Amino acid sequence: MRSHWTNRWAFIMATAGSAVGLGNIWKFPYMTGTNGGSAFVLVYLLCVALIGLPLMMTEIMLGRRAQRNPVDGMAHLATEAGGTRWWRGVGYMGIAAGILILSFYSVVAGWVLHYVLRAASGDFSGMTATQAKDQFSNFVANPLALLLWHSVFMFLTMFVVARGVTSGLERANKIMMPSLVVILLILLGYSLAVGDVGRSIEFMFRPDFSKITPAAILSAMGHSFFTLSLGMGAVMVYGSYLQRHASIARAAFYVVLADTAIALVAGITIFAIVFANQLEPAAGPGLLFQTLPIAFGRMPGGTVFATLFFVLVGFAAWTSSISLVEPAVSWLIENTALTRARAALLVGGLIWLIGIAVLLSFNEWSEVKLFGLNIFDLFDKLTTNILLPLGGLLMALFAVWVMHAAHAQEELALNDRHYRRWLFVTRFVAPSAIVLVFLNLIGWLPFI
Ligand code: PHE
C-alpha cells in the first residue's frame, strides 16, 4: 500500500511548502532586480496565470491518476492511453532536473544557515556596504565553510525524506509553513513602518517595457516554473499521494496563490529596505546576503529581525528541497529492494557530491566555464530555463493529446465550462507560449 496524505490540507500545505522556497525569497527579488523590475514581474505574473496554474492542475492530475512515481507513472498512463512507454523519459528528465537543482539549491541554503548564525550573533550591527560585501565574498571564497553548510543542509533534507510521507514530509510542512507566513508578515509590517514601500512598489509594478528582452522573458518564464516547482515531477509525486476525492483545481489554485503572494510580499519587503537604505537592487545572487545585513544592521531590533528572517528562508528552503528529491527517492523505492532510508542516503550522497562541484565554482573553480557559464550558473540556467519548461511542455501535451479526455476529465472533476477552459489553455495557450519563448530566444522570432 502506498502512503497518502492524511487530508487535503496536508497536500496543499506540502505542495505550497515545495513551491515556496529560495525561489520566492532569494531568486525572485534578485532576478527582479537584475532584470530591471516591473517588466520582469509582469511577464512572470502572466506566466504564472496562463501557464503555471493550468500546469499545476495537470501535474497533480497526472500524479493522482498514476498513483506511482513520475517515471513509472508516465509509463503507466501512456500504456493506459495506448501511447508509447517512452513517455517515461519525462520522469527521468524530472529526476535529473531535481538532482541538479538541489545540488546548487543546497549550497545556497547552506549560505542561509550560515547567515542565521551570523545574524544571531549580532554581527550585522553598524555594518557598512563594503563590510557586508567583503563578508559575503570572503565567505563564498572559502570552500570548506561552504562544504560544511552544504553538508548540514543536505543532512537535514535527507533526514526528513528518510522518514517518509506522513511522519516526515507532512509533519515538517505542517509546522514550517504557518511559521513562515507569520514571520514574513512581521517583516512586512516592519518594512511598512521603516522602509520605502512607495519606491519598492513603483519599482516592481510600474511597467517599463524598455527593459524587456528575449532573455528576460525566458528568465521570467523559467522562473515561473521554478518557483511553482513545475515540470520536474515534484508536484506529480505529491499528487500521487493525494486521495481520490480531493478537488485538484482548488488545491492548485491555493498553492499558486500562496506562492505568488509570498514572492510579492518578499519582493516588496526587500526592495523597501533596499531603497530606504540607498542600496543597489541589481546586486545579483548576493542581493539577500550583501544588502539585507546592512539594512538590518541599521535598524532598531535588527538582530532579532535578521535572525527571524534567515530562519524563515531556511525553513522555506527545507520544505522545497524535500520535494526536489522525492521523485528520485520514490522511483528507487518502487523499483528496487532499497528501503526509504537507504534510497534517501543514496540520492542525498549523489547530490552532496555534485554540490561540491557547485560550491567550488564560487572559489577554486570559478574559471571553469562551459558556454561562458560557471558550474553554478550552468546548472541554474540548464534546469530553470530549459529542463523545467520542457518537462512542463511535454506533460501538457501528454495530458491533452495522449491521455483519454474522459480520464483527464474524471480526475479533474471540473464542470463543463471550467474543463473546456483548462483544455483550451493546456492544449494551445501554454504549449505555444513555451515554444514561442524558446524560439524567440534563439532568434528565430525576433519579436522585440
Ligand atoms: N519551488 C522551489 C522554490 O521556489 C524550488 C523547486 C523547484 C522545488 C522545482 C521543487 C521543484 O524555491
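Per this entry, LEU42 is counted among residues that are of a type outside the set (S, T, N, Q) and open to solvent by 10 Å² or more (accessible area, probe 1.4 Å).
Cβ separations smaller than 9 Å between residues 6+ apart or across chains give the following pairs from segment 229-241 residues that are assigned to a loop (DSSP other than H, G, I, E, B) and at pLDDT 95 or above to residues that are near the ligand (Cβ under 7 Å from one of its atoms) and open to solvent by 10 Å² or more (accessible area, probe 1.4 Å): SER229/LEU324; MET232/LEU324. Total residues in segment 62-85 satisfying the condition of being assigned to a helix (DSSP H, G or I) and either within 26 Å of SER247 (Cβ to Cβ) or at pLDDT 95 or above (or both): the figure is 16. Checking ALA249, ALA261, ALA215 one by one, the residue that is within 16 Å of the ligand (Cβ to nearest atom) and either buried (at least 23 other Cβ atoms within 10 Å of the Cβ) or closer than 30 Å to MET93 by Cα (or both) is ALA261 and no other.
Going through (1) open to solvent by less than 30 Å² (accessible area, probe 1.4 Å); (2) on the phi > 0 side of the Ramachandran plot one by one, GLN67 falls short only on (1). One residue stands out in segment 1-39 among those that are basic (Lys, Arg) and either away from the ligand (no atom under 15 Å from the Cβ) or open to solvent by 10 Å² or more (accessible area, probe 1.4 Å) (or both): the one that is farthest from ASP259 (Cα to Cα), namely ARG2. Among the residues making up segment 315-328, a single one is modelled with pLDDT of 90 or more and surrounded by fewer than 24 Cβ atoms within 10 Å (Cβ to Cβ): TRP318.
Matching residues to (1) in contact (Cβ under 8 Å) with a residue 40 or more places away in the chain; (2) among the aliphatic types (A, V, I, L, M); (3) open to solvent by 50 Å² or more (accessible area, probe 1.4 Å):
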position: ARG171; (1), (2), (3): no, no, yes
position: LEU180; (1), (2), (3): yes, yes, no
position: ILE183; (1), (2), (3): yes, yes, no
position: LEU187; (1), (2), (3): yes, yes, no
position: ALA193; (1), (2), (3): no, yes, yes
position: PHE205; (1), (2), (3): yes, no, yes
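Screening segment 80-108 for residues that are away from the ligand (no atom under 15 Å from the Cβ) and touching a Phe, Trp or Tyr at 6+ places or on another chain (Cβ under 9 Å) and picking the one that is most open to solvent (accessible area, probe 1.4 Å) gives TYR92.
Scanning segment 339-388 for residues that are more than 20 Å from SER321 (Cβ to Cβ) and assigned to a loop (DSSP other than H, G, I, E, B) yields THR339, ASN363, GLU364, TRP365, SER366, GLU367, VAL368, LYS369, PHE371, GLY372, ASN374.
The values are calculated or read from the model by the stated rules, or taken from the named source; none is laboratory data. Keep in mind that this is a model prediction, so the values were computed, not measured. Heads up, the Cβs are rebuilt from the backbone with ideal geometry, glycines too, and the neighbour counts pull from every protein chain shown. Keep in mind that these areas ignore ligands, DNA and RNA; they rest on the heavy atoms of the full protein, side chains included. Shrake-Rupley method; radii C 1.70, N 1.55, O 1.52, S 1.80 Å.
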